[in-house]
Amino acid sequence: MTNGLILGAHGQIAQLVRQRLLTETDVHLTLYLRNSDRIKKTNPQRETIIDGDVNDYHRLTTAMKSQDIVYANLGGRFEPMAKNIVKAMTANNINRLIYVTGLGLYHEVPNPFGQWVEDSVGHDVMTDTRRAAQIIEESKINATIIRAAYMDNNDEIDYELTERGTPFKGTVISRKSIADLIVKVIKNPKLYENSSLGIAKPGTNGDRPMF
């Protein structure tokens with residue numbers, strides 16, 4: 001049985017991934033989040049809930065024990081969290097990570113939308129995001145970085161992927177689509193190894209998010 005650790009388990013995408021994994025696989029899930037009373041076990045035999053902060057290295061390292069794959073879907077200051085994730089995974093000899101972040105890591109978003117993203121998100125946040133991704137990419141961790149367009153809650157799975165080094169396509173993406181990609185990688189960890197993938201809905205190019 002595969003053991004999977006979800007960091008930020010209360011997030012909307014994380015909850016979609018959790019329910020699909022419980023339905024479609026036999027993965028045992030460790031759900032790691034602050035204020036763990038916000039969620040309840042759906043399947044007590046296959047779920048463990050840990051109340052913890054990713055910035056708490058000791059707590060995170062303990063949660064990492066016996067895990068096969070880590071999926072991180074976080075908010076806050078990303079650089080220190082990325083450092084802790086890489087350090088804790090290395091200490092526990094875990095080598096597979098799925099890391100969800102936003103578009104624009106490599107200035108890969110064509111203008112004028114690319115400039116709009118920079119202005120909307122802000123320089124400090126974008127710099128923090130880029131440093132976090134760089135920490136992961138420069139580590140020895142086998143990571144799939146998912147660079148998501150602006151998210152919506154549409155009830156659809158419809159997406160295209162762009163590789164690092166190619167222009168980002170699209171402006172929006174459903175959370176269900178991101179969850180679908182994550183579930184595919186957890187089911188088949190050899191999929192998209194050591195990669196950075198842009199994800200957006202086809203046909204949504206524009207100067208602003210096409211909601």
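What number goes with the only condition from (1) under 23 Å from K87 (Cβ atoms); (2) of a type in the set (D, E, K, R); (3) touching a strand residue (DSSP E or B) at 6+ places or on another chain (Cβ under 9 Å) that R164 does not pass?
It is condition (1) that R164 fails.
Would you call N84 at pLDDT below 95 and either among the aliphatic types (A, V, I, L, M) or closer than 13 Å to L7 by Cβ (or both)? Reasoning before the result, please.
Numbers: at pLDDT below 95: no; either among the aliphatic types (A, V, I, L, M) or closer than 13 Å to L7 by Cβ (or both): yes.
It is false that N84 is at pLDDT below 95 and either among the aliphatic types (A, V, I, L, M) or closer than 13 Å to L7 by Cβ (or both).
Name the residue that is farthest from A132 (Cα to Cα), counting only residues in the stretch 189-205 that are over 13 Å from the mean Cα position of the chain (by Cα), surrounded by 14 or more Cβ atoms within 10 Å (Cβ to Cβ) and of a type outside the set (S, T, N, Q).
Checked the stretch 189-205; the qualifying residue farthest from A132 (Cα to Cα) is K201.
Being within 17 Å of R20 (Cβ to Cβ) and surrounded by 20 or more Cβ atoms within 10 Å (Cβ to Cβ) narrows it down to one residue among A143, A149, A179; which is it? Don't jump to the end; show me each part of the working.
Numbers: A143 fails: within 17 Å of R20 (Cβ to Cβ); A149 fails: within 17 Å of R20 (Cβ to Cβ).
It is A179.
Could you tell me whether I186 is on the phi < 0 side of the Ramachandran plot and surrounded by 22 or more Cβ atoms within 10 Å (Cβ to Cβ)?
Working: on the phi < 0 side of the Ramachandran plot: yes; surrounded by 22 or more Cβ atoms within 10 Å (Cβ to Cβ): yes.
Yes.
Every residue in the stretch 109-125 that is of a type outside the set (S, T, N, Q) and either surrounded by fewer than 18 Cβ atoms within 10 Å (Cβ to Cβ) or in contact with a Phe, Trp or Tyr (Cβ under 6 Å, 6 or more places away or on another chain) (or both), please.
Taking the stretch 109-125 as the starting set, the residues that turn out to be of a type outside the set (S, T, N, Q) are 109-110, 112-114, 116-119, 121-125.
Hits for the stretch 109-125 are V109, P110, P112, G114, W116, E118, D119, V121, G122, H123, D124, V125.
Do we have any residue at all in the stretch 86-100 that's over 17 Å from the mean Cα position of the chain (by Cα), of a type outside the set (S, T, N, Q) and farther than 24 Å from A9 by Cβ?
No, the stretch 86-100 contains no residue that is over 17 Å from the mean Cα position of the chain (by Cα), of a type outside the set (S, T, N, Q) and farther than 24 Å from A9 by Cβ.
Is there a residue being more than 27 Å from M89 (Cα to Cα) and either in contact (Cβ under 8 Å) with a residue 24 or more places away in the chain or not acidic (D, E) (or both) anywhere in the stretch 100-107?
yes
Could you check how many residues of the stretch 175-197 are of a type in the set (G, A, S) and farther than 19 Å from N142 by Cβ? Show your work before the answer.
Of all residues in the stretch 175-197, those of a type in the set (G, A, S) come to 177, 179, 195-196.
Next, only the ones that are farther than 19 Å from N142 by Cβ stay: 177, 179.
Within the stretch 175-197, residues that are of a type in the set (G, A, S) and farther than 19 Å from N142 by Cβ number 2.
From the residues in the stretch 63-85 that are more than 21 Å from M126 (Cβ to Cβ) and β-branched (V, I, T), which one is farthest from the chain's Cα centre (by Cα)?
Ranking the candidates gives I69 first.
The values are calculated or read from the model by the stated rules, or taken from the named source; none is laboratory data. What you are looking at is a predicted structure, and each value in this text was computed from that prediction instead of being measured. Note: ideal-geometry Cβ built from the backbone for every residue, glycine included; neighbour counts use all protein chains shown.
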